[in-house]
Every structure is written in structure tokens, then in C-alpha cells.
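Written out below as C-alpha cells is the structure these notes cover.
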Amino acid sequence: MNALSPRLNASNPLRSALSPLRGRPPAERWATRLLGAGLAAAAYLLFLPWDLRNRPETPGAINETSPASDTGIALVVITVLALAAYFGFRDRLRWTLPVVAVPPAALLFASFATHAEQDASLWPVAWAVFVLAGGGVVLAVAGFARQFRGDGAGA
């Protein structure tokens, strides 16, 4: 019985959870990808406020502050990077962006689009910068994690 046999992988859940997705049944591949996308979206929704526009620190103050906390931003980044490493290790690199980076990017776009009245001129630029930088980091982490696969698959 070889190492990728479903019977052997069923007896070792960790091996099954870290085996390459290309050798798994299609339903399992898609379920894993959907779960990853759901986790990326959930991290964004749980740790960041929906309205990301700056607001006055106190009523009538000139100084503005962001509603996003440092802890919330750090938790989103850690979650997305962990998902990027997992899917970079387990799946093809071309699936890393749609699974890991697109859900938070789409939610950020929706957040900016639904609150466009105050920062209407700057949000498309901010969104593009966040998406390009985030997508690049996700691909870099996925590529780095892929080097640790034992099946000889490089990029």
C-alpha cells in the first residue's frame, strides 16, 4: 500500500491534512479550498470593523484615528499568512490567491464601496495598494512553504 492510499491516510489524519490536494478526490479538494476561503473571510469579519473610515478621536477633535486596532490587524495578517503557508504547502500556487487573498480583498472592497461618501477619492488607491501588497506577500509565503514539500514539487 503506498503512502497516498486513502486507507492509510484515513488512519493518520495529520498525514491526510498535509498531503498534496492534487492526489485527493475532487470533492475533498473543493471542500478544503472553500473552507480556506471561508476562514480567510471569517478572519477579516471577526477582527476588523466593517466601516474602516477614519473618525475623530473625540467629538469635535481635529485628530482622526482608525477604527481598526493593532491587535485586529495583526490577527488578520497572522491568519492569512498561516492560510497562505498551508495552501502553498498543500495546493497548487495558482489556487493560493483565490482561496486566501481574494476573500479579504473582496470584503475590503465591499466595505469601502458601502461607505464611500467620506473618503471617496482615496479608497480605490488604498484598496489597490492593499490588494497588490497583500497578494504579493501571500504568493511569497506560499512559495516559501512549497519548498518544504517532500514530493519534489518545486513551484
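The values are calculated or read from the model by the stated rules, or taken from the named source; none is laboratory data. The structure displayed is predicted, hence computed values, not measured ones. Here Cβ is always computed from backbone atoms with ideal geometry, including for glycine, and neighbour counts include all displayed protein chains.
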Query raised in the report: Taking segment 95-134 as the region of interest, how many residues are at pLDDT 90 or above and touching a Leu at 6+ places or on another chain (Cβ under 6 Å)?
Result: 1
**Report entry** Test for A68: is it touching a Leu at 6+ places or on another chain (Cβ under 6 Å) and either assigned to a loop (DSSP other than H, G, I, E, B) or modelled with pLDDT under 80 (or both)
**Finding:** yes
Query raised in the report: For segment 1-34, what are the residues that are more than 17 Å from F87 (Cβ to Cβ), assigned to a loop (DSSP other than H, G, I, E, B) and modelled with pLDDT of 65 or more?
Result: N12, P25
